[in-house]
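Okay, structure first, notes after.
The values are calculated or read from the model by the stated rules, or taken from the named source; none is laboratory data. Predicted model only: the values in this text are computed from it and were never measured. Positions of Cβ are generated from backbone atoms using ideal geometry, with glycine treated the same way; all protein chains shown enter the neighbour counts.
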Amino acid sequence: MRAIWKGAVTFGLVNVPVKLYSATEDHDVPLHQVHDADGGRIRYKRVCEIDGEVVPYEHIDRAYDDGERTVVLTKKELADLPAERDREISVVEFVPTEQIDPIMLDRTYYLEPDSKSTKAYVLLRRTLEETDRTAVVKFALRQRTRLAALRVRDEVLVLQTLLWADEIREAAFPSLDEPAKVSDKELAMSAQLVTSFEADFTPEDYEDEYQVQLRKLVDAKLEAGESVDTAETFGETEEEGEGAQVVDLMEALKRSVAESRSRGRSSGSGSGSSSTSSGRSSGKTSSKTSSKTSSRSSSGSSSGTSSSGGSSRSSSSRSKSATTKKSRKAG
């Protein structure tokens, strides 16, 4: 894991240097948009509505719009805010753990000691465990002041950002205001049903079935050959020149090695003139015609002593005939 933030947890005069790590990750299969007609990649551009020009990211600032007026906030102005320079996780108070409503929990991070001595880290961890308290803290991350809960999980300090009170919507449902009569028998039957489903929660027993099926679909299409080269989705075509020559050169080298080995075996059992002629033919042939050279030389080599030095320049029909004769002899 890579630390995304460094700072210190402070409460009173105690200072605990820590590193911050993301404790969770997204397991969704990454998908992007393409044109259904040709599979071309769909891209979004940052276009200025005044001049219609595409704006590079380094020239983009933030702004606030109140409906009538817009205030532009520059990167420097945002960077100069005191909260952004603050590298402290300040403990505001220690509260009973059960008072933290799960609906407030947002992102989760691990805190690792960032000091040679872990004494202060262990002290804070044990204090939270033995008092059964959760520390409510404030800190700055990515240009925002965050409210968070600091607790212990498997002997590691965990920081869970909290939603602010005004970010939690009120559940106002008029239908729930109407009284509903539940009999004792119905309640008892419901409790019995719950009992039949009782078990200890094991997160590993559950999986995201949609993502599993999506991955299987992707793998099946890849195995069936229903894919295109990624470069092609960006409209990149292989131009004639250096790129094409590299591919042809590699193919020519492979064919040349195979041809050389074939000539070596042929010269050991057949006439030397056939191998010499094949070598001259291969040397004169460019990489673009290497496949034809390989075919001709292998035909000449296969004919053994029945082929003369000029057999590599004979017609394809004679080569096939010589090859057929040798095959019959071998049979």
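Below are the figures for this structure:
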{"quantity": "Selected residue [in the same structural domain as Lys19 (by TED's automatic domain parsing), of a type outside the set (Ser, Thr, Tyr) and over 25 Å from Ile168 (Cα atoms)] from Asp114, Asp101", "calculated": "Asp114"}
{"quantity": "Which listed residue, of Ala149, Ala120, is among the aliphatic types (A, V, I, L, M) and under 34 Å from the mean Cα position of the chain (by Cα)", "calculated": "Ala149"}
{"quantity": "Check on Thr145, hydroxyl-bearing (Ser, Thr, Tyr), out of contact with any Asp or Glu (no Cβ under 7 Å at 6 or more places or on another chain) and not in a strand (DSSP E or B)", "calculated": "no"}
{"quantity": "Which listed residue is modelled with pLDDT of 90 or more and of a type in the set (A, V, I, L, M, F, W, C), from Val14, Val71, Val29", "calculated": "Val71"}
{"quantity": "Yes/no for Gln192 being of a type outside the set (A, V, I, L, M, F, W, C), touching a residue at least 12 places away in the same chain (Cβ under 8 Å) and part of a helix (DSSP H, G or I)", "calculated": "no"}
{"quantity": "So Glu170, is it surrounded by fewer than 11 Cβ atoms within 10 Å (Cβ to Cβ) and either of a type in the set (Asp, Glu) or closer than 17 Å to Phe11 by Cα (or both)", "calculated": "yes"}
{"quantity": "Hits in segment 9-35 (condition: within 20 Å of Arg107 (Cβ to Cβ) and either in contact with a Gly (Cβ under 7 Å, 6 or more places away or on another chain) or touching a residue at least 24 places away in the same chain (Cβ under 8 Å) (or both))", "calculated": "Val9, Val18, Lys19, Leu20, Tyr21, Ser22, Ala23, Thr24, His27, Asp28"}
{"quantity": "In segment 148-166, the residues that are small (Gly, Ala, Ser), assigned to a strand (DSSP E or B) and closer than 26 Å to Arg62 by Cβ", "calculated": "Ala148"}
{"quantity": "Residue check, Glu93 more than 26 Å from Lys138 (Cα to Cα), charged (D, E, K, R) and not in a loop (DSSP other than H, G, I, E, B)", "calculated": "no"}
{"quantity": "Tabulated pairs, segment 151-165, first farther than 15 Å from Ile100 by Cα, second not acidic (Asp, Glu) and not in a strand (DSSP E or B), C-beta under 6 angstrom, 6+ apart or interchain", "calculated": "Leu157/Arg125"}
{"quantity": "Test: residue in segment 22-30 that is part of a strand (DSSP E or B), under 28 Å from the mean Cα position of the chain (by Cα) and assigned by TED's automatic domain parsing to the domain that holds Arg146", "calculated": "yes"}
{"quantity": "Residue pairs meeting the criteria (Cβ under 7 Å; at least 6 apart or on separate chains; first in contact (Cβ under 8 Å) with a residue 24 or more places away in the chain, in segment 60-80; second surrounded by fewer than 10 Cβ atoms within 10 Å (Cβ to Cβ))", "calculated": "none"}
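Here is a yes/no grid of residues against (1) more than 28 Å from Tyr109 (Cβ to Cβ); (2) exposed (fewer than 10 other Cβ atoms within 10 Å of the Cβ); (3) modelled with pLDDT under 90:
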site: Leu157; (1), (2), (3): no, no, no
site: Thr161; (1), (2), (3): no, no, no
site: Ala165; (1), (2), (3): no, yes, no
site: Ser175; (1), (2), (3): yes, yes, yes
site: Leu187; (1), (2), (3): yes, no, no
site: Gln192; (1), (2), (3): yes, yes, no
site: Val218; (1), (2), (3): yes, no, yes
site: Gly225; (1), (2), (3): yes, yes, yes
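Conditions tested, residue by residue: (1) free of Cβ contacts under 8 Å to residues at least 40 places away in the same chain; (2) under 16 Å from Val137 (Cα atoms).
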position	(1), (2)
Ile89	no, yes
Leu111	no, yes
Ser115	no, no
Thr118	yes, no
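Residues checked against (1) within 20 Å of Asn15 (Cβ to Cβ); (2) loosely packed, with under 10 Cβ neighbours inside 10 Å; (3) of a type in the set (Val, Ile, Thr):
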| residue | (1), (2), (3) |
| --- | --- |
| Tyr44 | no, yes, no |
| Gly52 | no, yes, no |
| Asp61 | no, no, no |
| Tyr64 | no, yes, no |
| Lys75 | no, no, no |
| Asp86 | yes, no, no |
